[in-house]
1. For residue 169 and residue 135, compute 0.36 nm times the residue count separating them, minus their Cα-Cα distance, and round to one decimal in nm.
2. With the contact rule set at Cα under 8 Å and sequence spacing of 6 or more, what percent relative contact order holds for region 147-296?
3. Using only C-alpha atoms and all pairs of different ones, pull out the Kirkwood radius for region 134-294 in Å with one decimal.
4. Relative to the present Cα-Cα distance, how much length would full extension add between residue 177 and residue 250 at 0.36 nm per residue of separation?
5. If we sort 222-232, 265-275 on the protection proxy, mean other Cβ atoms within 10 Å, highest first, what's the order?
């Protein structure tokens with residue numbers, strides 16, 4: 001099951017989110033248990049929803065920001081929208097996931113989204129950077145990537161390749177070397193390999209990196225050692241092992257690491273957390289349960 005396996009249709013919850021009062025009545029149910037929210041967060045993150053949606057400042061911008069999804073809609077409404085978006089917005093181009101998502105996963109996802117009732121916390125304003133070189137942007141876009149400024153008043157860049165899927169190869173990444181101030185890079189579900197990551201090792205402004213469902217292995221992670229500003233790394237569905245985590249131990253700003261359906265073990269995660277105690281790691285349902293049991 002892949003909850004949001006493709007955003008090729010440019011997911012559009014935005015119309016409904018922009019006018020919540022006309023869409024559904026808000027309710028004030030009792031707060032769900034933390035375990036239910038945690039499970040829903042894993043469904044959301046490990047299935048790549050964050051390639052299209054932003055929560056608390058992290059994720060893609062193809063779909064709407066979901067940081068306040070629960071503040072706008074009740075859980076039932078959110079689950080209905082995942083199953084059949086056109087029920088709420090006839091013009092929605094978001095794929096319908098009725099029959100494609102297990103009931104338990106749908107409920108968990110709904111619980112998590114309904115718990116989101118605030119935007120990202122205010123942080124220090126980033127230092128101003130100049131506009132990107134148009135020629136450098138054009139070279140990257142020619143390979144199939146989408147290049148966007150991350151905000152109207154912020155010239156830093158997000159580069160997104162994942163909509164092109166397996167058509168994106170190592171050679172596609174070569175023009176990235178001429179592009180400055182990239183803070184978000186989406187390479188999930190492309191054909192990029194370890195060799196291709198050599199093109200990004202100099203992108204020291206990078207904060208968010210999606211590599212889910214790629215051919216990346218431990219060797220590729222060696223190219224990430226210099227990305228000291230990295231806070232988010234998604235390695236879901238790759239062949240990374242415990243040995244590869246050794247390359248991440250100096251990334252002291254890393255806070256979110258997704259390792260579901262990799263070859264990493266709970267023991268490997270514990271060793272990484274000794275070096276990076278502030279990192280939050282998602283291994284997956286079975287592995288998380290094993291890790292908790294081992295800690296008893």
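Rule-based calculations on the coordinates, nothing more; no lab input. Because the structure is a prediction, the values reported are computed rather than measured. Using ideal geometry, Cβ is built from the backbone for each residue, glycine included, and neighbour counts are taken over all protein chains shown.
1. Working: separation 34, 0.36 × 34 = 12.24 nm, distance 2.12 nm.
Fully extending the segment from residue 169 to residue 135 adds 10.1 nm.
2. Relative CO of region 147-296 lands at 15 percent.
3. Working: mean 1/r = 0.0627 Å⁻¹.
Every distinct Cα pair counted, the radius reaches 15.9 Å.
4. On the way: separation 73, 0.36 × 73 = 26.28 nm, distance 2.28 nm.
Separation in residues times 0.36 nm, less the Cα-Cα distance, equals 24.0 nm.
5. Details: 222-232: 18.5, 265-275: 16.1.
The most tightly packed comes first, giving 222-232, 265-275.
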